[in-house]
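Colleague: Just dropping this structure here.
The values are calculated or read from the model by the stated rules, or taken from the named source; none is laboratory data. Predicted, not measured: the structure shown is a model, and the values here were computed from it. As a convention, Cβ positions derive from the backbone with ideal geometry for all residues, glycine included, and neighbour counts pool all protein chains shown. Just so you know, the surface numbers come from the protein's heavy atoms only, side chains and all, with ligands and any DNA or RNA stripped out. Shrake-Rupley method; radii C 1.70, N 1.55, O 1.52, S 1.80 Å.
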Amino acid sequence: PRSLIEWYGTEDGQWHRNDVAANPYFAYIISAFGWQAIVADNIANVTAATDYLAELDGPLLFGSDTPSNATFANPPGLNGHMEMQHLRDAGVTPLQVFQAATIKNAEFFGLQDDIGTVEVGKQADLLLLLDDPTKNIEAYDEIQMIILDGEKLNRAELSAAYIE
């Protein structure tokens with residue numbers, strides 16, 4: 001919501017950033033190398049492991065842990081978008097990303113009879129896209145319509161600029 005975005009710009013909304021920056025070790029790393037340097041090694045390790053799994057057609061699931069903290073860095077939605085890009089950059093194909101977000105998650109949790117594919121009798125929460133997400137990860141950037149619990153949602157009304 002717009003109110004949350006505005007809150008992130010306040011002193012209260014910056015508490016997590018300020019708390020991290022107050023730590024002498026992190027303050028040095030941030031000033032010398034930037035925020036990304038704090039997690040660069042972890043990201044490189046995860047990228048290598050993900051690439052290895054993708055090459056072997058290993059089990060890949062899609063998910064997000066945000067909001068994991070009152071941080072402004074990865075609000076819900078943005079984190080999922082970034083995760084898809086990181087998966088692609090780690091060698092995961094668009095088809096593997098699509099399957100990880102749909103049928104593979106459903107199978108892992110034993111819910112494949114209820115969700116994960118579009119079939120009669122299953123719950124169908126859908127994103128209607130302009131492009132084929134199994135061929136192009138950027139297809140998720142062009143959401144045309146959302147259907148949730150059988151109801152068509154006006155995408156514009158879900159925008160942070162619209163929600164109060």
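Colleague: Restricting attention to the stretch 78-98, and to residues there that are within 8 Å of the chain's Cα centre (by Cα) and touching a residue at least 40 places away in the same chain (Cβ under 8 Å), which single residue is least open to solvent (accessible area, probe 1.4 Å)?
Modeller: Step one: filter the stretch 78-98 for residues within 8 Å of the chain's Cα centre (by Cα), giving 78-84.
Next, only the ones that are touching a residue at least 40 places away in the same chain (Cβ under 8 Å) stay: 81, 84.
Details: HIS81: 63, MET84: 24 Å².
The residue in question is MET84.
Colleague: Quick one: count up the residues across the stretch 22-40 that are touching a helix residue (DSSP H, G or I) at 6+ places or on another chain (Cβ under 7 Å) and more than 22 Å from HIS86 (Cβ to Cβ).
Modeller: 2
Colleague: Another question, then. Go through the stretch 1-15 and count every residue that is open to solvent by 50 Å² or more (accessible area, probe 1.4 Å) and out of contact with any Asp or Glu (no Cβ under 9 Å at 6 or more places or on another chain).
Modeller: 9
Colleague: Out of the residues in the stretch 17-31 that are open to solvent by 50 Å² or more (accessible area, probe 1.4 Å) and either of a type outside the set (Ser, Thr, Tyr) or touching a residue at least 24 places away in the same chain (Cβ under 8 Å) (or both), state the one that is nearest to GLU157 (Cα to Cα).
Modeller: ARG17
Colleague: What number of residues within the stretch 116-144 are among the aliphatic types (A, V, I, L, M) and open to solvent by 60 Å² or more (accessible area, probe 1.4 Å)? So that I can check it myself, show each step before the final result.
Modeller: Filtering the stretch 116-144 down to residues among the aliphatic types (A, V, I, L, M) leaves 118, 120, 124, 126-130, 137, 139, 143.
From what's left, open to solvent by 60 Å² or more (accessible area, probe 1.4 Å): 118, 120, 127-128, 130.
Going through the stretch 116-144 one residue at a time, the tally reaches 5.
Colleague: Consider the stretch 39-72. How many of its residues are at pLDDT below 85 and surrounded by 15 or more Cβ atoms within 10 Å (Cβ to Cβ)?
Modeller: Going through the stretch 39-72 one residue at a time, the tally reaches 4.
Colleague: Another question about this same structure. Can you list the helices (runs of 4 or more DSSP H) found entirely within the stretch 78-164 that contain at least 1 residues being out of contact with any Cys (no Cβ under 8 Å at 6 or more places or on another chain) and among the β-branched types (Val, Ile, Thr)?
Modeller: Ranges flagged: 94-101, 103-108.
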